[in-house]
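The values are calculated or read from the model by the stated rules, or taken from the named source; none is laboratory data. Just so it is clear, the structure is predicted and the values come from calculations on it, not from any experiment. In this analysis, Cβ positions are derived from the backbone assuming ideal geometry, glycine residues included, and neighbour counts consider all displayed protein chains.
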């Protein structure tokens, strides 16, 4: 405990961080709550920001969000992407981490390569993926190219698939997004899981070897349980990140958030919030609170489940 | 099951290739561990005792030499096929499993003809748990156990497969002093009850002496001496073994042999025959001193420590290699601190002569 005489020093050192947090985190959260529950906040403010209006308190903003025709699409896309990408990316990351951990030569190099997506701009990656899946840029078709994915499909004897051009189907769009999001999510998860694996005491494995434990049993009965805290962490943060999905879709489909002719087909909660900011702050705030509630509930469920199955 | 080590050698390649110096961890170790005995591998850290244990376990491959269990050559066998139980220094209990699950784990790995039903496994687990007296703790997690209890669980897990050989790596080093005393008796009891040939590694000579049927003293990868603890203590082959065994440690002096007499400094302490005149290193066990007003060895008295049954007399002598000379005498003897000096005669079988260069023992006959 710091001597109470010197406590002001501690506060002084913390002050810059606290002030910034108050301005850019705490106040916006309070303000969001305020705006969400003020009826007709937006319209009135737009009419004249200099007049001090009296607002009535109510849940009109929430009603507006839920009645908005695109809201259910946003919710569906968000949940679908979450449910698909988190398990796939976690499973793949676990496999890669275990494989990486079990090799000696080139481990450092491969570790670096697997970490590359993490430090690369996601919009740039989005454009590359768009090219791979053959996006028609600026509305003009490029008949000379169908994208590398379709080239591979052709080589394997399959037909081209319209992944993301005008007239493409919803499931094809989702596949593109899932591939991109999973690929983008892997590095962080691999890093965490590999760190976890490397901190596992080697003697557990030696003990298992003395007992002649089959490899698969070592993996399921020793590695996974000992890794469970990291797995829980990766899954929980994965879900939280998944519910905030937005920039990856913009990165691939552009701000229309859907293939040409089917705008906002892949709209998400955060996409909805972003567009509402600027002209409907009250609605945006209400949507943000709804998203917060969803993430909160899902995280609580995650924690409850992981408490049972996690060994710390 | 007797265990035979034949010219066992382990060489670790040097990590830095440029330096090019490899480490000989174990050098040409030949020894037979008789069936059903408890053997202690003893030595300071880095002497190769743990490496020897791990080679017996199969976790490390010897560079040269062979290992036999009974008549079977197990040198090429992998660790799981050797039928050994190994207790790690920090126990390596699986932290996420209960005591019961930990003990059952090796049984659940059995395949083919050895496969057991659930009831058989449980019965076996409870039997071995009773043997090490942890049957009350079966539903606990390792983190809820004391160090001594964890040690027992680790032994139970090693024993549950009924191994041919039980190996213990520094079994007592993680326990506090009182538990250590208790646990070493426990290990001795379990070993006697099961009759499994057991090898354990320790750097603590008292621990090795107290429970082993035989000890192996090692130094820098080379075996110095093997034998029953008391024999090794009474008859060390070199200065290292003499210094390593015994608490308080042996008193070492610079001395010489001249005309059949042993001198420590100027003091004549013993008449012997069969040794040529030369400078020697002399070792005298603390219990080898006898108070004797006419004794040959005169020391400057510095302190007397009363320990109830015995008295420990601390003194100095100019020829002593150590800062002080420590003797242990019966408490019936009265030592007068005021006198300033103390005179001893030496029990002939408690004094050892060593070659000054090679530190090998020089044997003599008492006149």
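Spot the failing condition for residue B:272; the list is (1) within 21 Å of the chain's Cα centre (by Cα); (2) surrounded by 16 or more Cβ atoms within 10 Å (Cβ to Cβ); (3) touching a residue at least 24 places away in the same chain (Cβ under 8 Å), and only one is missed.
(1)
So, restricting to helices (runs of 4 or more DSSP H) that lie completely within segment A:197-312, which ones have at least 2 residues that are at pLDDT 90 or above and away from chain B (no Cβ under 14 Å)?
A:224-243, A:269-276, A:281-309
Based on what the data block shows, is residue A:232 touching a strand residue (DSSP E or B) at 6+ places or on another chain (Cβ under 8 Å), farther than 24 Å from residue A:127 by Cα and surrounded by 18 or more Cβ atoms within 10 Å (Cβ to Cβ)?
Details: touching a strand residue (DSSP E or B) at 6+ places or on another chain (Cβ under 8 Å): no; farther than 24 Å from residue A:127 by Cα: yes; surrounded by 18 or more Cβ atoms within 10 Å (Cβ to Cβ): yes.
Taking the combined requirement at face value, the residue does not satisfy it.
Might you let me know whether segment B:27-41 holds any residue that is crowded, with 23+ Cβ neighbours inside 10 Å and part of a loop (DSSP other than H, G, I, E, B)?
Checked against the condition, which is being crowded, with 23+ Cβ neighbours inside 10 Å and part of a loop (DSSP other than H, G, I, E, B), segment B:27-41 yields no hits at all.
Please enumerate the residues belonging to segment B:208-223 that are assigned to a strand (DSSP E or B), touching a helix residue (DSSP H, G or I) at 6+ places or on another chain (Cβ under 6 Å) and buried (at least 20 other Cβ atoms within 10 Å of the Cβ).
Selection gives B:215, B:217, B:218.
Mind checking which residues of segment B:52-80 are under 11 Å from residue B:26 (Cα atoms) and away from chain A (no Cβ under 14 Å)?
B:52, B:62, B:63, B:64, B:65
Can you work out which of the residues in segment B:83-92 that are more than 8 Å from chain A (Cβ to nearest Cβ) and buried (at least 20 other Cβ atoms within 10 Å of the Cβ) is farthest from residue A:200 (Cα to Cα)? Show your work before the answer.
Going residue by residue through segment B:83-92, those that are more than 8 Å from chain A (Cβ to nearest Cβ) are B:83, B:87, B:89, B:91.
Narrowing the set further to residues that are buried (at least 20 other Cβ atoms within 10 Å of the Cβ) leaves B:87, B:91.
Details: B:87: 18, B:91: 14 Å.
Of everything passing the filter in segment B:83-92, B:87 is farthest from residue A:200 (Cα to Cα).
Residues in segment A:204-221 that are under 22 Å from residue B:60 (Cα atoms) and either crowded, with 19+ Cβ neighbours inside 10 Å or touching a helix residue (DSSP H, G or I) at 6+ places or on another chain (Cβ under 6 Å) (or both): how many?
The qualifying residues number 9.
Name the residues in segment A:45-69 that are buried (at least 16 other Cβ atoms within 10 Å of the Cβ) and either at pLDDT 80 or above or within 29 Å of residue A:170 (Cβ to Cβ) (or both), would you?
Residues satisfying the conditions are A:60, A:61, A:62, A:64, A:65, A:68.
Among the helices (runs of 4 or more DSSP H) contained in segment B:81-174, which hold 2 or more residues that are in contact with a strand residue (DSSP E or B) (Cβ under 6 Å, 6 or more places away or on another chain)? Before you say what the answer is, go through the steps one by one.
On the way: elements: B:99-108, B:118-131, B:147-159.
So the answer is B:147-159.
From B:205, B:150, which residue is surrounded by 17 or more Cβ atoms within 10 Å (Cβ to Cβ), in contact with a helix residue (DSSP H, G or I) (Cβ under 7 Å, 6 or more places away or on another chain) and at pLDDT below 90?
Step by step, each of B:205, B:150 is checked, and only B:205 is surrounded by 17 or more Cβ atoms within 10 Å (Cβ to Cβ), in contact with a helix residue (DSSP H, G or I) (Cβ under 7 Å, 6 or more places away or on another chain) and at pLDDT below 90.
State all residues of segment B:107-128 that are within 13 Å of another protein chain (Cβ to nearest Cβ) and surrounded by fewer than 12 Cβ atoms within 10 Å (Cβ to Cβ); if no residue qualifies, say none.
Passing the criteria: B:111, B:112, B:114.
Based on this model, can you work out whether residue B:180 counts as more than 23 Å from residue A:226 (Cα to Cα) and in a helix (DSSP H, G or I)?
So residue B:180 passes the test.
Which residue, of A:85, A:42, is closer than 30 Å to residue A:280 by Cβ and at pLDDT 90 or above?
A:85
Could you go through segment A:185-195 and let me know if any residue there is away from every other protein chain (no Cβ under 11 Å) and either surrounded by fewer than 17 Cβ atoms within 10 Å (Cβ to Cβ) or without any contact (Cβ under 8 Å) to a residue 24 or more places away in the chain (or both).
yes
Select from segment B:244-257 the residues that are in a loop (DSSP other than H, G, I, E, B) and touching a strand residue (DSSP E or B) at 6+ places or on another chain (Cβ under 6 Å) and write down the one among them that is modelled with the lowest pLDDT.
It comes out as B:248.
Take residue B:103 and tell me if it is modelled with pLDDT of 90 or more, more than 8 Å from every other protein chain (Cβ to nearest Cβ) and crowded, with 22+ Cβ neighbours inside 10 Å.
The answer is yes for residue B:103.
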